[in-house]
Amino acid sequence: MRKKNYIIIGILLFIISLAGGYILLLDALSSMGNPNGSRAPDYPYFITTEPVTVKKIVLPKGTKLTYEEQFFREGQQDRIMNEKKLTGIELPKGKTIDWGGVPVYMITKFFNPEMSGFSVNADFNQLPDGKKTKFSEMWESCGELGVLVKNTDDWTFDTKNIVDVSDCGVTYQRFFKEDTQQQSFLDKLLSEIKKNDQNQTK
């Protein structure tokens, strides 16, 4: 009886090792031609089929919602997924949402889990001259804007939630504390964010 159990266990281990080898072989084949030697994750995503509210933002139909890498979930999904796993919002081409008076087409959660915030990309070509503010002009001068927030479930332009400006493009980074020019610019940018919100609520 004991011998029979050993044989069964041996067969199972053999099958498992074959399956593991097959998976490794598939992964190796899929990596061929990739200079990095590995296949990039095919993150799950969903394209909205109607207007939806995500992270307290109303998004139009056709918005791409990208999520964290998950087991058995790759590529396009047939239904919206858990908002807690969301890593990015990308609006349809030519579409924007208003974010502090600036037309925005993409918002992306910070990759670093120790940083509670997200990056915001604007399309300044869609911002008329008459709608420009000191905030929008400063932002446009440096590129992608990174903000730190209290509540990561809220990606709206809510100054009560925005704690700090972490960066603006590669030129201004809060990380370089000893660089007074960078720190001063980011401080002024944060100040303009607060002013901009006050002006909108008047």
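The values are calculated or read from the model by the stated rules, or taken from the named source; none is laboratory data. Nothing here was measured: the structure is a model prediction, and the numbers come from that model. Reconstructed Cβ throughout: ideal geometry from the backbone, glycine too, with neighbour counts over all protein chains shown. SASA here: full protein model, heavy atoms, side chains in, ligands and nucleic acids out. Shrake-Rupley method; radii C 1.70, N 1.55, O 1.52, S 1.80 Å.
At R0 = 22 Å, how high is the FRET efficiency between Lys195 and Lys132 if r is their beta carbon distance? Nearest 0.05 is fine. Rounded to the nearest 0.05, the efficiency is 0.95. Fully extending the segment from Asn82 to Gln70, taken as 0.36 nm per residue of separation minus the present Cα-Cα distance, adds 3.2 nm. With all protein chains in place and a 1.4 Å probe, the accessible surface of the stretch 72-160 carries 47 percent carbon and sulfur.
Given 0.36 nm per residue, what is the gain on full extension from Glu140 to Ser116 after removing their alpha carbon distance, in nm?
Details: separation 24, 0.36 × 24 = 8.64 nm, distance 2.31 nm.
This chain segment gains 6.3 nm when fully extended.
Computed over the stretch 118-202, the P(r) tail beyond 22 angstrom holds 23 percent of alpha carbon pairs.
The label point for Gln173 and the one for Asp158, both projected 7 Å from the Cα toward the Cβ, are 3.1 nm apart.
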